[in-house]
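J.: I'd like to ask you about the structure that follows.
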Amino acid sequence: MQSVAVSSVLALGLSACGGAADGDDEGGAADGEAVTLSVTTFNEFGYEELFEEYEELNENITIEHNKIDTAENARDSLRNSLGAGQGASDIEPIEVDWLAEFQQYPDRFEDLTDPELEDRWLDWKYQDAVLEDGSLIGYGTDSGPQAVCYRADLFEEAGLPTDREEVAEFLGDSWEDYFAAGEEFVAESDSAWYSGSDNIWQGMINQVEVPYQDESGEIIADTNPEVKDLYDQLLKASVENELSAGLAQWSGDWSDAFQREETFATMMCPGWMLGIIEGNAAEVEGWDIANTFPGGGGNWGGSYLTVPSQGENIEQAKELAAWLTAPEQQLKAFGVVGAFPSTTEALEADELLSATNEFFNDAPTGEILAERADAVETQPLKGTEYLTINVAIQDAINRVDVDGIDDPDASWEKFVNDMEALR
Amino acid sequence: MSAPAAQVPVSTTRSGGSAPEPRTGRRKPKLSFRHRASAWDRRYSPYLYISPFFILFAVVGLFPLIYTAWVATHDWDLIMGQGEFIGGENFMAVLGERGFWISLRNTLSIFILSSAPQVVIAILIAYLLDYNLRARTFWRMGVLIPYVVTPVAVALIFSNLFGDRFGLVNSILETVGIDAIGWHSGTLPSHLAIATMVNFRWTGYNALIFLAAMQAVPRDLYEAAAIDGAGKVRQFISVTIPNLRPTIIFVIITSTIGGLQIFDEPRMFDQYGRGGTDGQWQTMTMYLYELGWTRSDFGQASAVAVLLFLLIVAIGLINFVITRRISSSEVKR
């Protein structure tokens, strides 16, 4: 509780500063007046240098960066500020997993519709943020087309192909192929095939068209046979066939494991994951990226920038949000943290297609991820409770794979109970 | 001190009121504004002087308490605000959830694992510090250092130490041939780990409170005990402890309130802050937070807050009854 109170007080303090700086303007400062804009981000958006650039371009603007560690915490904090009617930054990020949830409160956000920008994004990226009344809740930042990252050195030790193209072929096109390849690997190696089931789950569930809630918002997660089948298939591979290293994503053990000798060989890799792997596995040689993804294509993550109506500098915030999500800036963020663009122009840019990543054995990451983006067929229907349900099912999976306190059936029962409580 | 002051105005007005009829009748027109003002002053100003506390209490204590109870009886969304009145439905929903009972179990378990050893160890540390140590101030300040470290930093360090796979504690256990313990997967191990964090932070603080109380114990009691032939241990049990009783009551009650509201340490114990995949270490405050902020059902969250309040009052009363019995038996002796 205490930390919540403190952070909201801090946020209040920040917005108060913003208010003081443009004290005498009424509804949108005139050009040239000093304005402080606050921007919240989570994980790594790669915006630090962009903020400096924007401040140089607009001398009257100062940007306060409020960086939150995880997407979940960013969501809780935004929820809190919307509830209190104050404390939100001038620009707040919303991740695709909880976009629908905040679309329930359209009057708390500014309509960002701008005829000039309509064609800027990939169609699905744009349409996801359009509300029923046609207004736009946020500008798309990045997207998360997934490839498979792998440790070429571990592959070699296990006597498997190491070359990017051969590996892509070896991994195959379906989840069955991918798990079968894993069995071949673990038979020859001390390492596991993947870090933990939760990482694989994100790949699987983002290919299901209607996963947790149907069109009317009814919760179907525990009755949807497609979800249950994937759950069974995944846990069988992880536990029975021992493909998983049993590490919960983002945990301390997980980050440590990148540096250990006995570790894991593959990982589901949306663009933004490249920066995270590089950060955790610094000095480790052998990471590479294969141009394939089990079950076709898949998109994991990606966010939007919104302008909450409670802000004091709405016009300037809109301008900044539009600027940050412009193709040029998306390309720069890709260069810094691998956040894959979502604007059509950036996707076709030479800069992107010719981009290589030194850490991943000089792989042509731009080209690979662009192809993976083309392979994405489904944008799952993510309802208002998507995040909560996904967290519950990840818990169910981790109870079996990470903690080992339940068998798959017992854990599923608990998940069903969770869904009952949610209804 | 305040009692006689309050009686003075009361007694004067009374005597004025009970005075014979004709005299008051004659005096009445003479009662100037100044007289009346001074009568009011004497009658009401004592209340005015003590009112800041009550006003402050009403605003920051009583109002939130009543408002929480009000929210708990309504269908309430964090962002959309108040819905309709639904009576005890939130309470029934919460009481019917497995998560609530798990969080209650965890709260009580972590509370006992942290508070009980804390008081015992704090008294022992205070007893050591009470000796004529060399560099006394250094040692006394030393025990307070963990308290100065922010709980979040403590939690981060300890959750690393207690890493399931590569944590320091498990590495040490393995080198001495004990199996690694699943600090984040098991229920009791996670409670032990969190209780360790709490104890690390609060033991020194309580030790200083005990130390202050120990130094107030008259030294001649020890001399008399020594002359009677009591050793160090006997002195500690028969002189030190009985004299500490009021302080022990104070420490137990404050640590009850703090222990039952524990939040920072379990929340920072893993990367998600939800209290484990199966709610292994989800405390009541964390459960409240999950209901209110993650599921945005403020009505149910408030219902948990009310239940937590009742629990604290109940345990506080039990503590009070037990400790009062101890202290009254003390008076008889």
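J.: Counting only protein heavy atoms, what percent of the accessible surface of chain A is carbon or sulfur at a 1.4 Å probe?
T.: The C+S portion of the solvent-accessible surface of chain A is 44 percent.
J.: Moving to a separate point now. Among A:274, B:181, B:204, which residue has its Cα furthest toward the positive end of the charge dipole of the protein assembly as shown, with +1 on Lys/Arg Cβ and -1 on Asp/Glu Cβ?
T.: B:204
J.: A follow-up question, please. Mean residue ellipticity at 222 nm from the helices of the protein assembly as shown, using -39,500 (n - 2.57) per DSSP H segment of n ≥ 4 over the full residue count, to the nearest 500 deg cm²/dmol?
T.: Here the helix-only value at 222 nm equals -17500 deg cm²/dmol.
J.: Further question: Where in segment A:367-399 are there GluC sites (Glu not before Pro) that are in a DSSP coil and have at most 16 other Cβ atoms within 10 angstrom of their Cβ?
T.: Here the GluC sites (Glu not before Pro) that fit, given the DSSP loop and packing criteria, are A:377.
J.: Residue A:314 to residue A:156: extension gain in nm, 0.36 nm per residue of separation minus the Cα-Cα distance?
T.: That works out to 51.4 nm of additional length.
J.: Can you bin every Cα-Cα distance in segment A:78-163 into 5 Å intervals starting at zero and give me the percent of pairs per bin, rounded to whole numbers?
T.: 3, 11, 20, 17, 12, 7, 6, 6, 6, 6, 5, 1
J.: I'd like the FRET efficiency for residue B:216 and residue B:313, computed as 1/(1 + (r/R0)^6) with the beta carbon distance as r and R0 of 25 Å, rounded to 0.05.
T.: Values: r = 30 Å, r/R0 = 1.21.
About 0.25, to the nearest 0.05.
J.: So which residues of segment B:121-166 lose at least 50 Å² of accessible area, probe 1.4 Å, when you go from the chain by itself to every protein chain present?
T.: Residues meeting the cut-off: B:165, B:166.
J.: Using Cα pairs closer than 8 Å and at least 6 residues apart in sequence, work out the relative contact order for chain A, in percent.
T.: For chain A, the relative contact order is 25 percent.
J.: Ratio to report: Rg/Rh of segment B:138-241, with Cα atoms as the point set and Rh obtained by the Kirkwood method; give two decimals.
T.: Reported Rg/Rh, Kirkwood definition of Rh: 1.19.
J.: Could you give the Stokes-Einstein D for segment A:173-266 in µm² per second, using the C-alpha Kirkwood radius, 25 °C, 0.890 mPa s?
T.: Calculated translational D: 171 µm²/s.
J.: Counting Lys and Arg as +1 and Asp and Glu as -1, each charge on the Cβ, what is the dipole of chain A about the Cα centre in debye, to the nearest 20?
T.: 980 debye
J.: Let me ask another. Over chain B, with every protein chain in place, what whole percent of the accessible area is carbon and sulfur at 1.4 Å, could you tell me?
T.: Of all accessible area on chain B, carbon and sulfur atoms account for 68 percent.
J.: Let me ask something else about it. With a probe of 1.4 Å, find how much accessible area segment A:155-205 has per residue, and write the answer as a whole number in Å².
T.: 41 Å²
J.: Given a 1.4 Å probe, how much area per residue of segment B:40-88 is accessible, in Å²?
T.: Values: 3640 Å² over 49 residues.
Using a 1.4 Å probe on heavy atoms only, each residue of segment B:40-88 averages 74 Å².
J.: For segment B:63-69, take each phi angle, set θ = phi - 60°, evaluate the Karplus expression 6.51 cos²θ - 1.76 cosθ + 1.60, and give the result in whole Hz per residue in order, putting x for glycine and proline.
T.: 4, x, 4, 5, 5, 4, 5
J.: Show me you know the interface measure: the accessible area buried between A and B, both chains summed, probe 1.4 Å, in Å² to the nearest 100.
T.: That pair of chains buries around 2900 Å² in total.
J.: Relative to the longest principal axis of chain A, what angle (0 to 90°, nearest 10) does the C-alpha long axis of helix A:71-84 take?
T.: So the inclination is approximately 30 degrees.
J.: Residue B:58 versus residue A:117, label points 7 Å from Cα toward the beta carbon: distance in nm?
T.: Inter-label distance under the simple model: 5.0 nm.
J.: Mind checking the dipole of segment B:94-331: about its Cα centre, +1 per Lys or Arg Cβ, -1 per Asp or Glu Cβ, Debye to the nearest 20? List each step's numbers first, then the result.
T.: Details: 16 positive and 15 negative charges, 95 e Å.
Computed charge dipole of segment B:94-331: roughly 460 debye.
J.: Alpha carbon centre of segment A:191-262 versus segment B:255-316: separation in Å?
T.: 28 Å
J.: Placing +1 on the Cβ of each Lys and Arg and -1 on the Cβ of each Asp and Glu in segment B:94-331, which of B:309, B:193, B:242 has its Cα farthest towards the positive end of the resulting dipole?
T.: Of the candidates, B:242 comes out farthest on the positive side.
J.: A further question follows. To the nearest 20 debye, what charge dipole does the protein assembly as shown have about its Cα centre, counting +1 at the Cβ of each Lys and Arg and -1 at the Cβ of each Asp and Glu?
T.: In debye, rounded to 20, the protein assembly as shown gives about 10120.
J.: Evaluate segment A:277-423: find the radius of gyration of its Cα atoms, find its Kirkwood radius, and give the ratio Rg to Rh.
T.: We get a ratio of 1.06 for segment A:277-423.
J.: Continuing with the same structure: For a test of understanding, tell me how many lysine pairs in the protein assembly as shown have Cα atoms under 20 Å apart, given they are 8 or more places apart or on different chains.
T.: 10
J.: Filter the trypsin sites (Lys or Arg not before Pro) in segment B:90-152 down to the DSSP loop ones having no more than 11 other Cβ atoms within 10 Å, then list what survives.
T.: Sites meeting the loop and neighbour criteria: B:134.
J.: Counting pairs of alpha carbon atoms under 8 Å apart in space and at least six apart in sequence, what relative contact order in percent does segment B:94-331 give?
T.: On the way: 267 pairs, mean separation 67.6, N = 238.
28 percent.
J.: With unit charges on the beta carbon (Lys/Arg positive, Asp/Glu negative), name the residue among A:98, A:129, A:208 whose Cα is farthest towards the positive pole of the charge dipole of chain A.
T.: Working it through, the farthest residue towards the positive pole turns out to be A:98.
J.: Can you pull the one-decimal nm distance between simple spin-label points at residue A:232 and residue A:49, each 7 Å off the Cα toward Cβ?
T.: Those two pseudo-labels are separated by 5.0 nm.
J.: What's log10 of I(q)/I(0) for the protein assembly as shown at q = 0.10 Å⁻¹, Debye sum over Cα points only, no solvent?
T.: So the normalised log intensities work out to -1.12.
J.: To the nearest 0.05, how large is the calculated FRET efficiency for residue B:224 and residue B:136 if R₀ is 30 Å and r is the Cβ-Cβ distance? Before the final figure, lay out the partial values.
T.: On the way: r = 25 Å, r/R0 = 0.83.
Approximately 0.75, to the nearest 0.05.
J.: Quick check: net charge around residue A:45, other residues with Cβ under 10 Å of its Cβ, Lys/Arg +1 and Asp/Glu -1?
T.: -2
J.: Okay, moving on. Apply 1/(1 + (r/R0)^6) to the Cβ-Cβ distance of residue A:280 and residue A:210, taking R0 = 35 Å, and write down the FRET efficiency to the nearest 0.05.
T.: Computed FRET efficiency for residue A:280 and residue A:210: 0.55.
J.: Another question about this same structure. Restricting attention to the alpha-carbon atoms of segment B:40-88, what are Rg (one decimal) and Dmax (integer), both in Å?
T.: Rg and Dmax of segment B:40-88, Cα atoms, are 17.2, 50 Å.
J.: Right, something else. Buried by at least 20 Å² relative to the chain on its own: which residues of segment B:75-110 qualify, computing accessible area with a 1.4 Å probe on protein heavy atoms?
T.: Output list: B:78, B:79, B:80, B:97, B:98.
J.: In a Debye calculation with equal point scatterers on the alpha-carbon sites of chain A and no solvent, what is log10 I(q)/I(0) at q = 0.12 Å⁻¹?
T.: Per q value, in the given order, log10 I(q)/I(0) is -1.01.
J.: Report, as an integer, the average count of C-beta atoms from other chains found within 10 Å of each Cβ along B:288-295.
T.: Working: counts 1, 3, 3, 0, 6, 8, 7, 4.
Going residue by residue through B:288-295 and averaging, the value is 4.
J.: May I pose another question? Between the alpha-carbon centers of segment A:60-126 and segment B:116-180, tell me the distance in whole angstrom.
T.: Centre-to-centre distance over Cα atoms comes out at 42 Å.
J.: Taking the inverse of the average 1/r across all pairs of different Cα atoms in segment B:94-331, what Kirkwood radius in Å do you get?
T.: 19.8 Å
The values are calculated or read from the model by the stated rules, or taken from the named source; none is laboratory data. Small disclaimer: the values here were computed from a predicted structure and weren't measured. All Cβ positions, glycine included, derive from the backbone under ideal geometry; neighbour counts span all protein chains shown. Only protein heavy atoms, including side chains, enter the accessible area calculation; ligands, DNA and RNA are left aside. Shrake-Rupley method; radii C 1.70, N 1.55, O 1.52, S 1.80 Å.
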